[in-house]
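Just so it is clear, none of the values below were taken in a lab; they were calculated from the coordinates. Values in this document were obtained by computation on a predicted structure and should not be read as measured data. Ideal geometry is used to build each Cβ from the backbone, glycine not excepted, and the neighbour counts take in all protein chains shown.
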Amino acid sequence: MSDLFNLSNLGQSDVSGNGPGAGAGGNVNTGDLRRKYNFGDRVSELSISQDPFFRFVSKVGKKPTDDPQFKFTEKRQSFHKRYAYLVNHGSAFATAVSDNADSQDAADDTFYGKFGTDYKNNGNLVNRFGQTIDYAVGDPSTKPLFFMEGQLIKVPVADTEALATAGTTYGYQVVKVTNVADNGQYVNITGKVVKNCASGSFYMGVPSSVAVGASSTTGANEESLAAFKCYVIGSAHDEGSGYPESWKDQPYSTNYGRTQIWKTSMAMTNTARATVLKYDKNEWARTWKTKLVEHKFDIEQSLLFGKQNETYFTTQGAVDYISQYGNLFELNTSTKTADDFLDDMSAYLDPRYNSSSATVYFVSTAVYNWMHKLGGYFKNNLEISTNMRADFAMTGKKKVAGVDITTFSTPYGDMNVARNIHLDGTDIKMLGLNMKYCSYRPLVGNGINRDTSVYVGVQTLENSGIDRRVDLILTEAGMEWCCPETHAVWK
């Protein structure tokens, strides 16, 4: 930029240009000192939506850190994890639940069952929708720890064989636990039938989507799996029976993130800085403004598409994190219907593990248009009166942290949708990010703030004695991601 403006290069009025008419004054240099060329007093500037995600996390999710490699803790309460699947039944705890009709249809019959789970009994380690099954029934550290004598448990049954899929009619037994014994990664439960089920019913075993040793991708949501789960439904003790058994959970799991350094520099001679120009008089101020935008652009791209790496000192982006640990859905705007999309929302916003209303949906341009078409079709084409409304409808627009937000009303609450042009041209159609569980972590400590710092220096050019002003915009920060089941990506 040092030779961007050099007055000695300006020619006379008849200096030829490089285009058609050269030599005849048809395309003379615009720097000609004797010609005005009827320039107007106004210049148009392109204004674009630059960095919606970065704006959100820097405004509402900023948590400074004093270490470039920071750690954090996730907590999953025990009441989210008190369920198990009936794997085997029978007096030897050895009969697989498949095509064996229930013979315990009378109250006070003795119940024998072997139970296992599909999640780690420590921390927040569970399977997510659309991901490869990481925790199969019987895997290490999946033993259900919460069963105790005196509990009442609900054991589901159906009217057809129900190992892989739920039967057409559901029912359940209520069993009072009289004994609990460890069996490797399972527990054996002996009990008494309190509520019987219809003769000829079938126990609901382990569904194929979470089968023992499974390694496939699950499309099962909490709603479909609920038919197979055995829950604790309270306890019942004799009068004067004394102090009951107890159990203790370990709800914490830890993870770590790291900061990333972004640098954007600019340089200009003092001659160029002192020259007053038309339109933007101060070239230094104009360039500095564009460099700030460029810097934020880089951060936005990193926070979306980056991958955490200790060798290259990079932080983890939203797409990489959710693709590995969050919920994955399919979205083809040419075949996806409003009903299909509401099924996705039902799976994603299931209150059993994700009931937060702090989710912002960042979408590509194509999906942004698709959602408006779905939300506006009923109102524009099918509306009969003001008393009738669609289950999926656009209800308004607003600005949050400077970002344009469109609100869509659904049976699962309002969706706050922001168009993000950075997703255009990628396989990511929509990002559902729970802003409560993602944080922007600038490095701050010992009186030094690395959150968009500015360094100014003067560099002397070799053998010239000319001083060149040098500015550097520097940011060092990272993203912290937790509670992955509260984030989702549609591809």
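When the listed pairs Lys62/Lys296; Lys59/Lys399; Lys154/Lys192; Lys263/Lys429; Lys154/Lys195 are checked against a 18 Å cut-off, the alpha-carbon distance exceeds it for Lys263/Lys429.
Sparse packing (at most 16 other Cβ atoms within 10 Å of the Cβ) combined with a DSSP loop state is found for the following chymotrypsin sites (Phe, Trp or Tyr not before Pro) in the stretch 274-306: Tyr279. The distance between label points at Ala107 and His80 comes to 3.8 nm (points 7 Å beyond Cα on the Cα→Cβ vector). The dipole here belongs to the stretch 199-343: it is taken about the Cα centre, uses +1 on the Cβ of Lys and Arg and -1 on the Cβ of Asp and Glu, and is about 1460 debye. Residues in the stretch 410-426 carry Karplus couplings, in order, of 9, x, 9, x, 7, 9, 9, 10, 10, 6, 10, 5, 5, 7, 5, x, 10 Hz; the curve used is 6.51 cos²θ - 1.76 cosθ + 1.60 with θ = phi - 60°, and Gly or Pro positions show x.
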